[in-house]
1. Does L106 meet the test of being over 20 Å from T177 (Cβ atoms), hydrophobic (A, V, I, L, M, F, W, C) and open to solvent by 30 Å² or more (accessible area, probe 1.4 Å)?
2. Quick one: what pairs do we get from region 70-94, first residue touching a residue at least 12 places away in the same chain (Cβ under 8 Å) and within 21 Å of S59 (Cα to Cα), second open to solvent by less than 70 Å² (accessible area, probe 1.4 Å) and among the small types (G, A, S), C-beta under 8 Å, 6+ apart or different chains?
3. Identify all residues within region 162-204 that are closer than 12 Å to F33 by Cβ and touching a His at 6+ places or on another chain (Cβ under 9 Å); write none if there are none.
4. Do the conditions hold for L51, that is, is it modelled with pLDDT of 95 or more and either within 28 Å of A152 (Cα to Cα) or loosely packed, with under 15 Cβ neighbours inside 10 Å (or both)?
5. Could you name every one of the helices (runs of 4 or more DSSP H) located completely within region 15-113 that has at least 3 residues being closer than 18 Å to L125 by Cβ?
6. What number of residues within region 1-14 satisfy the criterion of being open to solvent by 20 Å² or more (accessible area, probe 1.4 Å), in contact with a Ser or Thr (Cβ under 8 Å, 6 or more places away or on another chain) and not in a loop (DSSP other than H, G, I, E, B)?
7. Looking for something among the β-branched types (V, I, T), touching a Gly at 6+ places or on another chain (Cβ under 6 Å) and in contact (Cβ under 8 Å) with a residue 60 or more places away in the chain - is there at least one such residue anywhere in region 156-169?
Amino acid sequence: MLTVSNITKEFPSGDGIVKAVSNLSFKVENGTFAAIVGKSGSGKSTVLNMLGTLDAPTSGEIKVDDQVINKLSGSKLTKYRRQKIGFIFQNYQLIPNLTAIENVMLPMEFNGLPKKQRLERATELLLMVGLTEEKHRRRPTRLSGGEQQRVAIARALTNHPRLILADEPTGNLDSKTGKVIIDLLRDLARSQDVTVIAVTHDTAIAKLADVQFTLKDGELEK
């Protein structure tokens with residue numbers, strides 16, 4: 001379970017302090033796909049960065065299962081982020097000179113998994129997200145946007161994360177493909193028993209989530 005308790009994020013601005021996020025609290029059960037919706041400047045990217053341990057709240061607590069992740073530091077923080085959090089980006093962030101399967105294998109190499117096991121798991125994951133085997137050896141430029149996002153989702157799952165964070169995962173896709181990707185994320189949340197959080201400005205896509213939170217000026221709308 002993801003538990004966010006009274007997190008606030010403040011930034012210095014000129015002679016004063018800006019509250020990007022103010023006293024935010026919510027919970028998301030494992031196996032749930034949740035969407036955070038908000039206009040530009042609402043604080044949703046700040047929240048995503050804090051959930052991903054890329055930034056720390058000024059106050060409050062973020063807990064995944066029984067681990068308070070915003071209290072980790074140094075090598076423990078790096079290890080946790082690498083092993084327990086999967087990231088999915090709007091622009092896919094695939095390495096262009098690597099094939100689809102090599103992109104998925106790369107995070108496992110950083111964790112020291114033997115090549116045979118990396119290959120087996122990458123193949124399993126790509127098939128699970130619906131990329132046919134004939135496309136596993138293609139580079140990203142030879143894949144459609146939806147196919148590239150499937151590779152990115154497979155890569156996010158490689159190290160058995162407890163939390164998957166998706167930043168505008170349908171932003172570069174047409175509405176039909178975007179719905180397919182959202183359905184895939186929702187199904188993966190259930191089948192893998194992980195918490196999936198997607199940040200989006202697209203309310204139509206967000207309505208497909210199990211749970212929806214709306215941010216306005218750094219606070220949750222009731």
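The values are calculated or read from the model by the stated rules, or taken from the named source; none is laboratory data. As the structure is a computational prediction, the values presented were derived from the model and not from experiment. Don't worry about glycine lacking a Cβ; one is built from the backbone with ideal geometry, like all the others, and counts go over all protein chains shown. Accessible surface is based on the protein model in full, side chains and every heavy atom, while ligands, DNA and RNA are left aside. Shrake-Rupley method; radii C 1.70, N 1.55, O 1.52, S 1.80 Å.
1. Details: over 20 Å from T177 (Cβ atoms): yes; hydrophobic (A, V, I, L, M, F, W, C): yes; open to solvent by 30 Å² or more (accessible area, probe 1.4 Å): yes.
Considered against the rule, which asks whether it is over 20 Å from T177 (Cβ atoms), hydrophobic (A, V, I, L, M, F, W, C) and open to solvent by 30 Å² or more (accessible area, probe 1.4 Å), L106 comes out as yes.
2. N70/A56; N70/G60; R81/G52
3. Scanning region 162-204 gives Q192, V194.
4. Working: modelled with pLDDT of 95 or more: yes; either within 28 Å of A152 (Cα to Cα) or loosely packed, with under 15 Cβ neighbours inside 10 Å (or both): yes.
Answer is yes for this residue.
5. 74-84, 100-110
6. First pass over region 1-14, keeping only residues open to solvent by 20 Å² or more (accessible area, probe 1.4 Å): 1, 3, 5-6, 9-14.
Now restrict to residues that are in contact with a Ser or Thr (Cβ under 8 Å, 6 or more places away or on another chain): 1, 5-6, 9-10.
Still in the running and not in a loop (DSSP other than H, G, I, E, B): 5-6, 9-10.
Final tally of qualifying residues: 4.
7. If we filter region 156-169 for residues that are among the β-branched types (V, I, T), which is where we start, we get 158, 164.
Filter once more, so that each one left must be touching a Gly at 6+ places or on another chain (Cβ under 6 Å): 164.
Narrowing further to those that are in contact (Cβ under 8 Å) with a residue 60 or more places away in the chain: 164.
The answer is yes, given that some residue of region 156-169 is among the β-branched types (V, I, T), touching a Gly at 6+ places or on another chain (Cβ under 6 Å) and in contact (Cβ under 8 Å) with a residue 60 or more places away in the chain.
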